[in-house]
Structure formats: structure tokens, C-alpha cells
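Reviewing the structure listed below.
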Amino acid sequence: MVSATESHPLEPVDTSSPRTTLNGFLTELDSIWLLFQEHYWDSPSKELETRIFAGAARALRALDLSEFPPSTRIEEGYDAGTFLYETLSRLQLPPDNEIPDADYFDGKEGPAEWTLPYTDITITRIEEGPRKGEFLFNAATVRRAHEFFRKTGSLPYVRDVPIANTHQLRQVIPGWWLSMDSIDRLPGWMRHVLLEQAVWKWIALALLLAVTVLLTGIAYRLTHRGEGGSTLGDYARRIALPLFVLALMPPLSYLVTEQINIISDPAKTMLLVMRAIQYLLATWVAWLGALLLAELVIFSPRIEEGSLHAQLLRLSARIIGIVLGLVILFYGANQIGLPVVGVLAGVGVSGLAIALAAQDSLKNLLGSLMIFMDQPYAPGQRIIVQGHDGFVEQIGLRSTKIRMLNGSLTAIPNEKMANLDIENIGRRNFIRRQTSIRLSYDTPPEKIERALGIIREVLDDHEGMQPELPPRVFFDEFNPDSLNIRIFYWYHPPKRWKSLAFDEKVNLEIMRRFGEADIHLAPPTSRINLETQEQQTAGAGA
């Protein structure tokens, strides 16, 4: 005989009234256990398991499971459905004509619900949400299903059921990989129930967890070999382990809940733990994945490793990773039943205190964003700020790190860097030299003119000169102890060591040609003062 469920496998349980909900729930579970008894018991298969799960899903639609965490909702439904099925099969149910139908509640005031006589088992109409208008075993009934079973489990059945004591059977039966016949051949002590599971299930679970730990340990060792390479390789190694464990979670969950068939509270606890680990790993992967993606982009030939664009990509990746991680954490918390709304409300109440405590960090983050937008300097450029002269090594979320010319490393908070006057030597177009040559006061005008000519000849069309910036040479000052010639010239491109080498060449050429022209430089002031003192001492002695 073909049941209505088998002929119409997608037809849901009719929940339009307490009568149809009650009858549909019992009929659906009768069909499942009949299929199990006649076919699945001796010859389990994936196809039969799929049909059983589909029927169970239809039966669970008669239960209001909205108050349970999404990650354990199905397991909660299996338990509550089994306990209610066993309870209702042992109670004397009223005739159908005494159970309200859909028309019974038309025009009636107050809540639309029906309670099985002499019990607290209640079917209530849902008043809001996607299932509005359906009659379901209400949440209080579902929560107390185990309590009802404990009170009625010793009573005889008052209706025909395909299989008796289905809850006890669920404690022993495996998934479709093993038949009940193979379980029946196990030693009696392995079929003994301990903490709601047969002993053989605990043994299989222990072996499965041992294999999982072993595989995770191997993955850890493999991913931590050869550390200390490139940044890209480092992120790839760091993300490999959480990705591996994350990939292990679905098959591990499948084996635990569907093949070993752990049920009831142990199953719910393990599901919550595995889901929590999954969401934590997903958060970790989102963070490392954002950083790895940034490094992959930086690794392309178009972006230099230490450039400002590379630092901007890393900063953006960190922000994206944080946002993705928070989204996953909040979603995961909702899935495992943590009070996300309460947490968010708490954050709103304490937000001011948190903001005050983190104001320095927020200031530095805003300073980082201002630096990246204005780009006053970039990694690799030499800057002078607050007496610090060195090369920018890194622009982080909190501070800018500068390698000083003496080799030491200093870090300045970005909040300060965004407000300081910064001299960016790395972006100068040229190197300007301004110096003076002091001639002695006894130098005649014609030799001063000759000195000016020599300097102009040395600098004429010099190395590194740009046409728009020719050298400038002037006799500009009568110093107290010398005649001053001021020299200006510009060197391009602004390469410090090449510029110093050119300065050296200019100095030596001027000295050589001044010597040939018998042009004397003014002696140092200290020498003049010393000679004057010696002359005064000699005069006093005479």
C-alpha cells in the first residue's frame, strides 16, 4: 500500500486547525516508523534515509521551534517530536469531532488554542511571523515534551504504533552505513545505554575525535614548516590551518549526528560547540583572508612592497577583515542562541564609556586615514618631523615608524603625525646648496672679480643643473673679518650621495684655481683673535 506521504512527498502537514495538526503529526510519524520497520531495519540505504528525514521534517513542522537556537533546532525537534509521539500514543485522545477544526475559532475572542484534556499539551495559532495563522504545538509544550514523556513512559499504548519505545531505539540505532542487524550482533555491553547513547556510539565518537585531533596536529606541523619567509607566504601558512579545520567541520558533524547518530543533550552540546568553533574559525579566516588578498594584490608587479599604495591596501584589508569578522561573530552568536540583541543594547548603553576609553586608538585610526588621504609622506621616503630625521618604514593603524639616520627606530602616533609640520625630503625636486666663500680684506677688487669669475666658470652648465635653475654667485657682504661671496646652485636629480660627491668636486676645483690665481681665503675668526692677543702681549712686554 502506498501512503499519502509517499504519493505526495512534498505535501506539508496540514496545520490549519488543532485537529489537522494533531492527526497530521501522528500520521506522519507512524509512516516514518513503518518505513523503518519494513525496509530500513534490515536494508538501510541513503535513499531510505532521505525519505525518513523528509518525513521527519514534515512532522517537525507541527512544532513551534522558534525559541530554540537555529544550530540545534533540528535536534531539539527530533527529541521533542519523539517524546510527544510516545506521550500521545499512550494517552486517550478525544474523538476527532471533539477536536476543534478551523471553523471553530471564527469570530471567537481571545487566543486561538486548544489543550488536550487533562494535560498541558497545547496547540496554539501563531499570531505573527512567517507562519502566522498556523496551529502548532506551542513552545511551552515543546520545551516540556521530555517531562510529559517521563510521566507517561510507563503507561501502555492506547493506539497502534509500528514500533514501540522509539526513544530507546534512537539511543541505539546508527545511520544508514550500518544496519540494525549488525548492531544486534554486537556484545550486550556495547548496546547498553550510557548517558542517553549506546556504549558503541561513545566508542565510535571517541575514535572519530581522536582521528580529528591527529589530522589537525598533522596539518599544524605541515603549515608551520619553514616559517619566516615572505609576508605572502606567512599569511598563506597561517590561513591554511583554520581553513583545514573549517573544512573538517561539516563531515565531522555529519558523522556525529547522522552516522554515529548521537542524540538528545549530548548531540545538542556537541552541535553548539562545533558551530561555535566553526564561526570562530570563519572569523579567523575572514581576517587572514582579507590580509592575504591584500598581499596578493601587493605581490603584483604594479605595486611596490613598501609604497603608500601597499600600506593603504593593508590598512583597508584590516578594516574589511574586522568588519567581516564582526558580522560573522554576530551571525554565529544568533545561530547558537546567544542574546545578540541584549549584547547590542549593552554596547549601546556602555558605548560612551568604551569610546572614552578607546579615544586615543580612535584618534590614531582617524589620523591614519587622514595620512592615507593626504599622503604627506610614504614608506621609503626621508622626512624630518619634530627633530626626527629618517626614513619612513611603515604607516600602521596606530603609528608611523621612522628609521632614524643613526639606525634607531622611532614610532610617532598617527594622531600627532596628522597635525605636525612635516618636511618631506624624499619628495624634493632637487638639492640646493647655499654656501659662502670668505676672502681676506686685503684682496683687491680685481681679484674679487677674478674669484667670482672662477666660481662661475666652475659652475657653468654643471653636472645636475636644470636650465631653469642656473647657479648664482654674488659678492654680497662685508663681514667684520672677511669679504663674503655667496654661492647658490641646484643639483638634479635629488640623490644625496651624488650631490655630496659633486660638492666635493666643486670645492677642490675652486681651491685649485684660487691657488693658481693667488687668491687667499680669510683666516678663521679664532685665528685672528689669537694673533691679536699675541701681538698685544708682545707689545706690553716691550
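Structural remarks
- Contact order normalised by residue count of segment 102-184, Cα under 8 Å, 6+ apart, percent: 13 percent
- From the alpha carbon centroid of segment 145-191 to that of segment 233-272 is 28 Å.
- Sparsely packed chymotrypsin sites (Phe, Trp or Tyr not before Pro) within segment 69-118, loop by DSSP, other Cβ within 10 Å at most 16: Tyr118
- For Cα Rg over 2.2 N^0.38 Å, calculated from these coordinates, the label among (1) 1.18; (2) 1.79; (3) 1.05: (2)
- Loop-located trypsin sites (Lys or Arg not before Pro) in segment 222-295 (DSSP state not H, G, I, E or B) with no more than 11 neighbouring Cβ atoms inside 10 Å: Arg225.
- For the chain, accessible area per residue (1.4 Å probe, heavy atoms of protein chains only), Å²: 56 Å²
- In a DSSP loop and with at most 11 other Cβ atoms within 10 Å, there are no GluC sites (Glu not before Pro) in segment 7-100.
- For the set Arg90, Arg427, Arg131, solvent exposure ranked by accessible area (probe 1.4 Å, protein chains only) runs largest to smallest as Arg427, Arg131, Arg90.
- Helices that extend 15 Å or more along their long axis by alpha-carbon positions and average at least -0.5 on the Kyte-Doolittle scale are, among the DSSP H runs of the chain, 18-35, 46-60, 73-88, 199-223, 231-254, 264-299, 308-335, 340-357, 359-374, 445-459.
- The order of the peptides 446-452, 462-468 by mean Cβ neighbours within 10 Å, most packed first, is 446-452, 462-468.
- Around the amide H of Gly396, modelled in the peptide plane, lie the amide H atoms of Lys401, all under 5 Å away and 5 or more residues distant in sequence or on another chain.
- Among 389-395, 469-475, the peptide with the highest mean count of other Cβ atoms within 10 Å heads the list, and the full ranking is 389-395, 469-475.
- Mean residue ellipticity (222 nm) of the chain, computed from DSSP H runs ≥ 4 via -39,500 (n - 2.57), nearest 500: -17000 deg cm²/dmol
- Accessible surface, 1.4 Å probe, highest first, among residues Leu169, Leu500: Leu500, Leu169
The values are calculated or read from the model by the stated rules, or taken from the named source; none is laboratory data. Given the structure is predicted, the values throughout are model-derived calculations rather than measurements. In this analysis, Cβ positions are derived from the backbone assuming ideal geometry, glycine residues included, and neighbour counts consider all displayed protein chains. These area figures cover heavy atoms from the full protein model, side chains too; ligands, DNA and RNA do not enter into them. Shrake-Rupley method; radii C 1.70, N 1.55, O 1.52, S 1.80 Å.
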